[in-house]
Amino acid sequence: QQQQQQQQQQQQQQQQQQQQQLELQAYYKRQEEERVRQQQQALLQRQQLEEARRRQQEEYIRKQQEDERRRLEQHSALAARKAIMLIRSATPENFDELRRQVEETLNQELPKCGSLADGIREDALQQIEAARAHVQAVKEQREKDEARRQEEERLRKEQLDASRRMLGELSGLVEKAEVCDGRLREALTPVFDGVVMGDEEAKRVEREVAAAAGDARTACNACVDFVLTNRSTLESTSPLMQSAPTEDLRKLIAEAKEDLVKLQQRTKGCLSRAMVGVLSAKAATDKAVKKARAFRRFEKRGALFRKYDADNDGALNGKEVTQYAKVEFGFSVSSDGLARIMSQVAHGSGGVPEAQFQALKLAVGIAREEEAAKERKRQAEAKRKLLEDKKAAITADAGKALDAMDDVDGELKKAEEEAKTLGAKELEGKSSTDIAKLIAHVKELVDSAGKELAAVRQQITDLSTDIDPELATFVKLEARKLEVKVEHFAPRMTQASLAVEAANELFKKQERAELEELRDKVTKLLRARMAEKHLSQDELLLSMDKDGDGAVNTGDFAHFLQECGGTGAESVKLEHLFSSLDVDEKGIIPKESLLRFVRTYYRVVQETVVSTERAIKESKTMRRLQADEVVEVLEGPLKDESVDISRIKGCAMADRATGWITVTGNAGSVFLQECTPIYKVAKETRLTASAEATSDSLRLLREGERLEVLEWDRKDESSGVSRLRVKAKSDGTTGWVTKANSEGVPFLSLA
């Protein structure tokens, strides 16, 4: 058995060796095949590389030849274009020579330009033609310039001749002015020579000087006007003259300007002498007139002295001085005053000589002023006492105003204490009737305090009425003191008034809430009555009209509610409800207002249809109802047993389409939900007076306000939008509002 195993192992080893030899032979064979394949591939690559190098060398040689050809063409083209460029700067003098050079260059270089030759030849022809046209235009321009130069020379000569002619005219005017100046100097001879003249003589000289000066000024003004009118010609300031081409012409223009300056200086001298002459004559005349007046005053003073010198002794005694003061000054001199005057002026000589008459006049004036000062002092003292009395009276009036302020303070404190009871917490749980009484009481206190405060203000105003101007500052100060105290009442009055207003708003809000609650009770009573008696809306109205007059008045309304079981509300609240329904204030409730109590509305929550019959199988669709449309219930809800759904007969408020509508489906789907005719403002819009969208605005409706619908959709023909007549819950304002604009943006949404 061991031998068999050894034999088997040997056989296996032999088989393994044979297998290894076969695998080794296959490996060497694959290596040899791979080597041969690589040699063949390397040979192929060398052949391809040599072929690529050959093609590259051929392409390189071809490009060099092509580049050399292009270089030669471009060199020739450049030489030709340089020659063409020269013709562009041609002038009439060298045009023919440059054209010849261009033609020679083109004959030499164009054959070498190859494909560029035609373009260069065409360009050369165009440039030659352009140069010829340019040379022709230059010749024509030179001819025009020469003609213009000759014309300018002619015009310059004409303007220079005109300047010389006008300088001659101006010289004549200046000579005339100098003649007038000579006559003025002759008239001024007495003034300049210092001749003593009387009053009349001085005036005569002044008149003669004024006349001569007037002539001189007129002549000088004529010279000035002449220069102003003809300045451009006289000064040769025109652009044509300023651009004079020759030195001789510029010299002539300069000489003309110098002559003009000299003539202007002569004119200025004449005008200055005329002005100085008039002033000198005026001064001399004034001096003579003053001297004559002084002499007349001296004569008058002597005559006045002699008038009161009754004894003609050349001096005024005490009696004569007293008479002089009484007549001339309206002043009676006292004995003390007379003694003082005589001691000051007469110097113990017993009389006032004529030489001291002016001093006497001054002394009497001083004595009179001293007496007047004493009188003014007495009057001032009397006025001071009067003002003191008036001040005392004003102070007393101010004291009364202060006392009145104490009364105002007391009244205001009462109002403030009572106003504390008007807070929201204090009013909580109280009926609207109690709140109204409390508000009226506090308002009465506030109004009373306001009236007393107004009376105080009037007292302060009266202090400043018909007062002495000298007491204005005192009165203003006293009044200001009072006003400062009065101003302290203003915030307190405002606070109390605000408390009343806030309570009033709270009262109105509570009153509206109670009214809404009462309306809900009445609605439930009326609907219960209709269900109990199986009444239609019209039958309900007939049952409410107890007296059969065709209208429901207060008595009918209250009696019917009592029959229905009553509301438990006070009669005052029922009257308030009745008044809110009596919109026309005729003592009756309109049918439309009563029907709003019993009408039931549904809103569309899921699209559905209006059909013609109650039974769905027999109905035809009238139209589709969109979400958020409102439907008024006319009959139902009633159940269609055949399909197990709830249906109503209703009227779509958007277009008044009437038919049968499904409320809930047999699978529980809800199509309609009961709602109230209340909208909420979704976006600020206007409440207007009438159904037209463009009618007058009543007020702005704020976002979130609640509106009760009084009349449903009415289409505005001008804008195409739907309009509702509504009543604002916040303040009861009634008007028309747009549901959505023409783009479909909603202003209202169902509450």
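The values are calculated or read from the model by the stated rules, or taken from the named source; none is laboratory data. Bear in mind the structure is a predicted one, so any value in this text is a computation, not a measurement. Cβ atoms come from the backbone with ideal geometry, glycine included; neighbour counts cover every protein chain shown. Side chains are part of the model used for accessible areas, which takes the heavy atoms of the whole protein and leaves out ligands, DNA and RNA. Shrake-Rupley method; radii C 1.70, N 1.55, O 1.52, S 1.80 Å.
The table below lists the values:
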quantity	calculated
The range 639-657, subset part of a strand (DSSP E or B) and open to solvent by 50 Å² or more (accessible area, probe 1.4 Å), residue nearest to Leu710 (Cα to Cα)	Lys649
Filtered residues of the range 632-658 (kept if in contact with a Leu (Cβ under 8 Å, 6 or more places away or on another chain) and of a type outside the set (A, V, I, L, M))	Ser646, Arg647, Lys649, Gly650, Cys651, Thr658
One residue from Ala222, Ala254 being modelled with pLDDT of 80 or more and of a type in the set (Gly, Ala, Ser)	Ala222
Members of the range 479-497 found to be farther than 17 Å from Ala398 by Cβ, open to solvent by less than 70 Å² (accessible area, probe 1.4 Å) and in contact (Cβ under 8 Å) with a residue 12 or more places away in the chain, listed by number	Arg492, Met493, Ala496, Ser497
Selected residue (criterion: nearest to the chain's Cα centre (by Cα)) from residues of the range 699-720 that are among the aliphatic types (A, V, I, L, M) and modelled with pLDDT of 90 or more	Leu700
Which listed residue, of Asp161, Asp181, is among the charged types (D, E, K, R) and either open to solvent by 30 Å² or more (accessible area, probe 1.4 Å) or over 30 Å from Arg217 (Cα atoms) (or both)	Asp161
Verdict on Ser343 being at pLDDT below 85, open to solvent by 50 Å² or more (accessible area, probe 1.4 Å), in a loop (DSSP other than H, G, I, E, B) and out of contact with any Phe, Trp or Tyr (no Cβ under 6 Å at 6 or more places or on another chain)	no
Enumerated helices (runs of 4 or more DSSP H) restricted to the range 389-508, each holding at least 3 residues that are modelled with pLDDT of 80 or more	432-463, 472-487
Top-ranked residue of the range 191-212 - restricted to ones that are part of a helix (DSSP H, G or I) and open to solvent by less than 40 Å² (accessible area, probe 1.4 Å), ranked as modelled with the highest pLDDT	Ala212
Filter result (outside any loop (DSSP other than H, G, I, E, B), surrounded by 15 or more Cβ atoms within 10 Å (Cβ to Cβ) and not polar (S, T, N, Q)) within the range 658-677	Gly659, Trp660, Ile661, Val663, Leu672, Cys675
Residues being in contact with a Gly (Cβ under 7 Å, 6 or more places away or on another chain) and either at positive phi or at pLDDT 90 or above (or both) - total across the range 623-647	2
The range 74-94, residues that are closer than 14 Å to Cys113 by Cα, of a type in the set (S, T, N, Q) and open to solvent by less than 90 Å² (accessible area, probe 1.4 Å)	Ser76
Meets criteria (in contact (Cβ under 8 Å) with a residue 60 or more places away in the chain, open to solvent by 20 Å² or more (accessible area, probe 1.4 Å), within 25 Å of Leu581 (Cα to Cα) and within 38 Å of the chain's Cα centre (by Cα)) for Lys729	no
Answer from Glu629, Glu674, Glu711 - the residue that is over 30 Å from Phe507 (Cα atoms), free of Cβ contacts under 8 Å to residues at least 40 places away in the same chain and not polar (S, T, N, Q)	Glu629
Search result, residues across the range 613-635 that are closer than 27 Å to Glu711 by Cβ and either open to solvent by 40 Å² or more (accessible area, probe 1.4 Å) or among the hydrophobic types (A, V, I, L, M, F, W, C) (or both)	Met622, Arg623, Arg624, Leu625, Gln626, Ala627, Asp628, Val630, Val631, Val633, Leu634, Glu635
Unmet criterion (only one of (1) in a helix (DSSP H, G or I); (2) exposed (fewer than 14 other Cβ atoms within 10 Å of the Cβ)) for Ala363	(2)
Scan of the range 691-708 for residues that are closer than 15 Å to Thr738 by Cβ and of a type in the set (Lys, Arg), ordered by number	Arg699
Residue count for the range 312-323, restricted to those that are in a helix (DSSP H, G or I) and open to solvent by 40 Å² or more (accessible area, probe 1.4 Å)	3
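Results for (1) surrounded by 11 or more Cβ atoms within 10 Å (Cβ to Cβ); (2) under 30 Å from Glu186 (Cα atoms); (3) under 60 Å from the mean Cα position of the chain (by Cα), shown as yes or no for each residue.
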{"site": "Glu299", "(1), (2), (3)": "no, no, no"}
{"site": "Ala325", "(1), (2), (3)": "yes, no, no"}
{"site": "Ala355", "(1), (2), (3)": "no, no, no"}
{"site": "Glu370", "(1), (2), (3)": "yes, no, no"}
{"site": "Lys391", "(1), (2), (3)": "yes, no, yes"}
